[in-house]
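**Student:** Before we start, here is the structure in question, set down as structure tokens.
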Amino acid sequence: MAEIGGVVLSDGVIVLRPLRVEDAVDHLSGEDAELVRWLNGGPGTTESVQRHFEHVEQMWANHGPIFTFAIRLATDESLVGTIDVQLNQATYRSDQANLAYGLYPQWRGRGFATRAVNLALAFLGPFATVRSALIRVKPGNVSSAAVAIRAGFTLTTPAAETGDDGHDWYDRALT
């Protein structure tokens, strides 16, 4: 099957490829209270996830500005989570990309999120206008903050200084 956007990134352990509508059932079955709390903003339904994934495919077809990847194991293609690369968002600087990720419960604590962030940074390489990547973390989400630190991000703006955003902002310059 041809990939939407033709993008496939791998480090030999995980693979990032464009998220597809066919991934919706696996995604919904992997959703848990932590994913809903920290990332999704509410529990998904078959219909809402289907609509969202159709929108994701359209974004790939339109070349962004948001690129959502499925995070899969390289060995057997198991879906372990997702990661978004968000460009040209009004909330961030024009030279900044935002990364947002989530893993399903059985795959957490194995370093897959850090690997996915590093591959997403590699994806940003050809975007000459992007000078840094941002990971926004809700205070209390210790695991997500640890991913940002392991991937070389630095806390630049604590939640108390982000105004209505309410997230700690971790930034990493792209070289």
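**Student:** Got a sec? Which of Arg110, Arg51 is modelled with pLDDT of 95 or more and of a type in the set (D, E, K, R)?
**Tutor:** Exactly one of Arg110, Arg51 is modelled with pLDDT of 95 or more and of a type in the set (D, E, K, R), namely Arg110.
**Student:** Any residue at all in the range 143-153 that is assigned to a strand (DSSP E or B) and surrounded by 15 or more Cβ atoms within 10 Å (Cβ to Cβ)?
**Tutor:** No: zero hits.
**Student:** Within the range 140-175, can you find the residues that are touching a residue at least 40 places away in the same chain (Cβ under 8 Å), touching a Lys or Arg at 6+ places or on another chain (Cβ under 8 Å) and not small (Gly, Ala, Ser)?
**Tutor:** Passing the criteria: Asp165, Leu174.
The values are calculated or read from the model by the stated rules, or taken from the named source; none is laboratory data. Given the structure is predicted, the values throughout are model-derived calculations rather than measurements. All Cβ positions, glycine included, derive from the backbone under ideal geometry; neighbour counts span all protein chains shown.
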